[in-house]
1. Regarding Cys95, is this residue closer than 22 Å to Leu121 by Cβ, modelled with pLDDT under 95 and open to solvent by less than 40 Å² (accessible area, probe 1.4 Å)?
2. Can you name the residue in the range 327-341 that is out of contact with any helix residue (DSSP H, G or I) (no Cβ under 9 Å at 6 or more places or on another chain) and more than 20 Å from Thr273 (Cβ to Cβ) and, of all such residues, is modelled with the lowest pLDDT?
3. From the list Ile53, Ile74, which residue is crowded, with 22+ Cβ neighbours inside 10 Å and over 21 Å from Phe337 (Cα atoms)?
4. Condition first: farther than 20 Å from Thr273 by Cα and hydrophobic (A, V, I, L, M, F, W, C). Now tell me which residues in the range 1-43 satisfy that.
5. Is it the case, given these coordinates, that Asp154 is surrounded by fewer than 20 Cβ atoms within 10 Å (Cβ to Cβ) and outside any helix (DSSP H, G or I)?
6. Mind listing just one residue for me: the one in the range 157-174 that is among the aliphatic types (A, V, I, L, M) and under 18 Å from Ser140 (Cβ atoms) and, of those, surrounded by the most Cβ atoms within 10 Å (Cβ to Cβ)?
7. Output the residue which, of all residues in the range 106-118 that are more than 18 Å from Arg163 (Cβ to Cβ) and open to solvent by less than 20 Å² (accessible area, probe 1.4 Å), is nearest to the chain's Cα centre (by Cα).
8. Out of the residues in the range 273-313 that are over 20 Å from Tyr84 (Cβ atoms) and of a type in the set (D, E, K, R), which is most open to solvent (accessible area, probe 1.4 Å)?
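The values are calculated or read from the model by the stated rules, or taken from the named source; none is laboratory data. Everything numeric here is computed off the predicted structure, so don't read it as measured data. Cβ sites come from the backbone with ideal geometry, for glycine too, and all protein chains shown count toward neighbours. All accessible areas refer to the heavy atoms of the entire protein, side chains included, with ligands and DNA or RNA removed. Shrake-Rupley method; radii C 1.70, N 1.55, O 1.52, S 1.80 Å.
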Amino acid sequence: MTRNEMLIRKLAGERVLKESEFRELIESYTEEELQYARSLAGDLLEESYGKKIYIRGLIELTSYCKRNCYYCGIRSGNRNAERYRLTEEEVLSCCRTGYELGFRTFVLQGGEDPYFTDELLIKMIGRIRNTYPDCAITLSLGERSRESYQKLYDAGANRYLLRHETAEEEHFRKLHPEGEELALRTAHLYALKEIGYQVGTGFMVGSPHQSSHSLAKDMCLIHELQPEMVGIGPFIPHKESTFREFPSGSVKLTLFMLALIRIMLPEALIPATTSLGTVDAKGRENGILSGANVVMPNLSPMNVRKKYMLYDNKAYTGSEAAESLHLLKESMGNLGFQVVVDRGDHSSRKTADTPVIKKEGNRSV
């Protein structure tokens, strides 16, 4: 057994490695060790969830954003971005279509748009909750105040996705304009956990200026946070972003990191992301075979999908589209998996709420 295989086995047994060990793995893994990690990740996934694939209906609420993150296609500084906002009725129509197709989780995702006040979102979430009481409601709307998070949770939201993007301070400063802080981003994640949300975080693989040191720190932060969901995918440049000249992230490294996350967090809900499917035609299928067990087909109205362009050539039709769910079922079936009609909660949340987590030293939200 190679040194890296021993480290992978150690991760499976102890659920964590030292930062230096994560870095060693990331810098030196071979093709054989990648396949070893993927095989072990698949075994652990089957032990936790069987051969089930959970679907989430993605509703892209708004392409307006007050932030100017250097990597993002809908950043405020992109004067050529096509902007839109869905109405409450449009969102409910998406939910109605999704429910009929078999979706039992709706994901409201959008830029940090001040137009969507707590009052507007509470009303919208309340209507979804009352109309579809058996469904989970996931929000991915960026940083808000702790008070706002609480109100939206009380209105009926169950989950919140907020990628930390990088756990290395210097790298964070290279991806974001002055005034945004890694410590504050992580404080938001802990606040969401304390309120009771099922929390998702994640990062881009191959983002500009990323190093093995950055990725090792990402793994350590994820272990510390113990999120219910982890979403990663390869970086893809946008032609109007600061990083337009940078190459896309490695699919191979993304699959390795996916496998390591599954091994570290066997019960996590991990999507095979759209970005993975955009960079590689078989990216989503390979993501599933690396330990992912969630896919998020697009439920947004067709006339706005091309406007929510976080990166170039973002896939939103074919098997990435909710209306083509039969294609997804077929491709998952070919891998030996079954798309199920289920909320797909984290196994620890099916019988009890996640215990409150308190972290010393974080800034308050």
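1. Details: closer than 22 Å to Leu121 by Cβ: yes; modelled with pLDDT under 95: no; open to solvent by less than 40 Å² (accessible area, probe 1.4 Å): yes.
Spelling it out, it is not the case that Cys95 is closer than 22 Å to Leu121 by Cβ, modelled with pLDDT under 95 and open to solvent by less than 40 Å² (accessible area, probe 1.4 Å).
2. Of the residues in the range 327-341, the ones out of contact with any helix residue (DSSP H, G or I) (no Cβ under 9 Å at 6 or more places or on another chain) are 329, 333, 336, 340-341.
In the following step, the residues that additionally are more than 20 Å from Thr273 (Cβ to Cβ) were identified as 333, 336, 341.
Numbers: Gly333: 96, Gly336: 97, Val341: 91.
Among those that are out of contact with any helix residue (DSSP H, G or I) (no Cβ under 9 Å at 6 or more places or on another chain) and more than 20 Å from Thr273 (Cβ to Cβ), it is Val341.
3. Details: Ile53 fails: over 21 Å from Phe337 (Cα atoms).
Unique residue meeting the criteria: Ile74.
4. Met1, Met6, Leu7, Ile8, Leu11, Ala12, Val16, Leu17, Phe22, Leu25, Ile26, Leu40
5. Details: surrounded by fewer than 20 Cβ atoms within 10 Å (Cβ to Cβ): yes; outside any helix (DSSP H, G or I): no.
Answer is no for this residue.
6. Initial filter on the range 157-174 (among the aliphatic types (A, V, I, L, M)): 157, 161-162, 167.
Imposing the further condition that a residue be under 18 Å from Ser140 (Cβ atoms) reduces the set to 157, 161-162.
On the way: Ala157: 24, Leu161: 26, Leu162: 24.
The selected residue is Leu161.
7. Within the range 106-118, the subset more than 18 Å from Arg163 (Cβ to Cβ) is 106, 114-118.
Then keep just the ones that are open to solvent by less than 20 Å² (accessible area, probe 1.4 Å); that gives 106, 116.
Numbers: Phe106: 14, Phe116: 21 Å.
This residue is Phe106.
8. If we filter the range 273-313 for residues that are over 20 Å from Tyr84 (Cβ atoms), which is where we start, we get 273, 275-295.
Filter once more, so that each one left must be of a type in the set (D, E, K, R): 280, 282, 284-285.
Values: Asp280: 45, Lys282: 125, Arg284: 12, Glu285: 25 Å².
Restricting to residues being over 20 Å from Tyr84 (Cβ atoms) and of a type in the set (D, E, K, R), the top hit is Lys282.
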